[in-house]
Each structure stands twice: as C-alpha cells, then as structure tokens.
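Reviewing the structure listed below.
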Amino acid sequence: MGKIIIKTPEQIEGIRQSARLAAKTLDFAEQFVKEGMTTELIDDKVEEFIRSHGAIPATKGYNGYPKSSCISPNNIICHGIPSKETILKPGDILNIDITTILNGYYGDTSRMFTVGEVSKEAEELIDTTWHCLDLGIEQVKPGNRFGNIGFVIQRYAKARGYSVVYEFCGHGVGIEFHEEPQVDHASRRNTGPEMKPGMIFTIEPMINQGKAKAVIDKNDGWTARTIDNKLSAQFEHTVLVTQTGCEVLTDIHNEYPVS
C-alpha cells in the first residue's frame with residue numbers, strides 16, 4: 001500500500017469547496033430525474049452546471065471514460081455510462097455519481113434517486129444502503145482502523161438479507177481522483193491502516209439484493225451489473241478525519257454534525 005496523504009489546512013479547504021460543489025450538482029440534477037428523461041440529458045445538464053461554477057467533471061476522459069457523471073439504474077452497480085438510449089421510466093431507481101475538480105481539488109459524492117412510485121423491495125434496499133453509509137461514517141475518528149468501516153457495513157447489510165459488493169471500494173481523494181487508502185465495504189474488524197487527522201477519503205457502499213458479484217460490460221468496459229440482474233444501490237460521501245472525529249465534506253444539508 002502506498003502512502004496516505006495527510007492534507008494541509010489549505011488543501012482541506014480546497015477539497016471542502018470542491019466537495020460542496022459536487023453535492024450541489026447532485027441537488028441540481030434531481031429536477032431532471034423523471035419519466036421520459038434520458039440519462040444522457042441528465043449528464044449534459046450536470047456538465048453544464050459543473051463548468052458554469054468554474055470546475056470540470058473529473059470522470060470525463062478519465063482512463064477513456066466518455067461522460068461527465070456515472071448514472072447507474074436498477075441492476076447496474078456502478079460506472080453506468082449515460083446514453084440517449086437509457087430512458088427513465090416509473091419504478092426505476094438510479095445512482096448518480098459526481099466528481100468535480102475545482103481549483104485542482106477533487107470532491108466525490110453519489111446518491112440514489114427514484115422515478116415515480118418504486119417497489120417496496122427497492123425502497124428497503126435504498127434505506128438499507130443509506131444506513132450502511134451512516135454506519136461507516138460513524139467509524140471515522142482518529143485511532144480507528146479502516147477495516148471497521150467495512151466490518152459494520154457488511155454486518156448490517158448481511159443481517160438485512162443483502163450482499164456487499166467487494167470488487168469496488170472507497171478511496172482516498174482530494175489531491176488526486178483515487179489515492180490511498182482503499183476503503184473496503186466488507187472487511188474484518190480492527191484491520192487496515194489507522195485513521196489520522198487530515199486524511200480524506202470516500203465511503204461508498206454498494207449493496208445488492210442478490211449476489212455480491214459484478215459483471216463488467218464487454219462492449220464498453222465500464223458498466224458493472226449484478227450477476228443475477230437484481231437491484232443494486234449506492235450512496236457516497238467524502239469524509240475528513242478531524243482531531244476528534246470527522247467532517248462529512250459532501251454534506252450540504254447538515255445531516256451529519258461535525259465531530
């Protein structure tokens with residue numbers, strides 16, 4: 001494992017501003033999540049919004065990725081490529097994942113959206129995934145081990161009858177798009193590096209209705225679907241380890257008190 005970057009106060013402020021813009025972009029995108037809209041249209045609006053705020057979308061061109069966001073409906077776990085062929089319909093659930101680069105700093109966040117009335121099963125999956133993120137964030141404090149994030153997420157999801165995707169994980173972020181450490185969402189208790197003030201990383205559990213395994217689309221090399229075509233959900237925040245706890249940098253609705 002490479003070195004985990006401890007951010008300076010100046011870097012933390014820059015990352016905080018980018019993280020807030022990423023979260024504002026999700027709020028902006030919500031108005032376009034409705035029946036009949038294409039995921040490409042949502043992506044176009046997202047790119048316009050990000051650029052109008054003096055930032056650039058981190059995903060566009062990243063390792064050849066063609067779009068400004070990842071939009072992953074229903075059985076797509078992550079890295080869904082927005083397209084004009086994907087038209088939203090009632091009952092759909094979808095994750096929109098935004099990463100911004102503002103003044104050279106990265107902010108990364110995602111959340112679930114629904115189109116019209118969704119099934120009870122879909123609602124329960126989304127609620128469980130949201131709570132998994134909450135549980136992971138509760139573990140963020142100096143001296144704790146990164147493995148405890150995955151331990152509490154996996155324990156809760158499994159108890160609710162779901163599986164945790166293990167092929168994708170959270171990651172350090174801020175100076176680069178993907179930094180150390182790798183933040184697993186299924187791991188053993190008290191394992192992994194120790195959290196220290198100034199570390200910034202994402203927690204982004206992906207929870208499946210069925211089996212945990214992902215299948216990558218052979219045509220585009222990006223889209224990760226559930227192996228059994230069952231639903232998947234994901235939420236993501238960028239978090240900072242403080243001297244006494246944590247700050248959720250992508251929380252613009254004051255859902256998480258700074259500790």
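Derivation of every value follows stated rules applied to the coordinates shown; laboratory data play no part. Treat the numbers as computed from the prediction; the structure is a model and nothing was measured. Ideal geometry is used to build each Cβ from the backbone, glycine not excepted, and the neighbour counts take in all protein chains shown.
Table for the structure above
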| read-out | value |
| --- | --- |
| Considering residues of segment 185-200 that are in contact (Cβ under 8 Å) with a residue 40 or more places away in the chain and either small (G, A, S) or surrounded by 20 or more Cβ atoms within 10 Å (Cβ to Cβ) (or both) only, the residue farthest from A212 (Cα to Cα) | G198 |
| Strands (runs of 3 or more DSSP E) contained entirely in segment 147-259, each with at least 3 residues that are within 29 Å of S18 (Cβ to Cβ) | 170-172, 179-183, 200-203, 232-234, 237-241, 246-248 |
| Where A29 falls short, out of the listed (1) under 16 Å from I252 (Cβ atoms); (2) touching a Leu at 6+ places or on another chain (Cβ under 6 Å); (3) surrounded by 18 or more Cβ atoms within 10 Å (Cβ to Cβ); (4) not polar (S, T, N, Q) | (2) |
| N254 on the phi > 0 side of the Ramachandran plot and either buried (at least 22 other Cβ atoms within 10 Å of the Cβ) or without any contact (Cβ under 8 Å) to a residue 40 or more places away in the chain (or both) | yes |
| Segment 119-132 - residue that is more than 16 Å from A159 (Cβ to Cβ) and buried (at least 19 other Cβ atoms within 10 Å of the Cβ) and, of those, farthest from the chain's Cα centre (by Cα) | A122 |
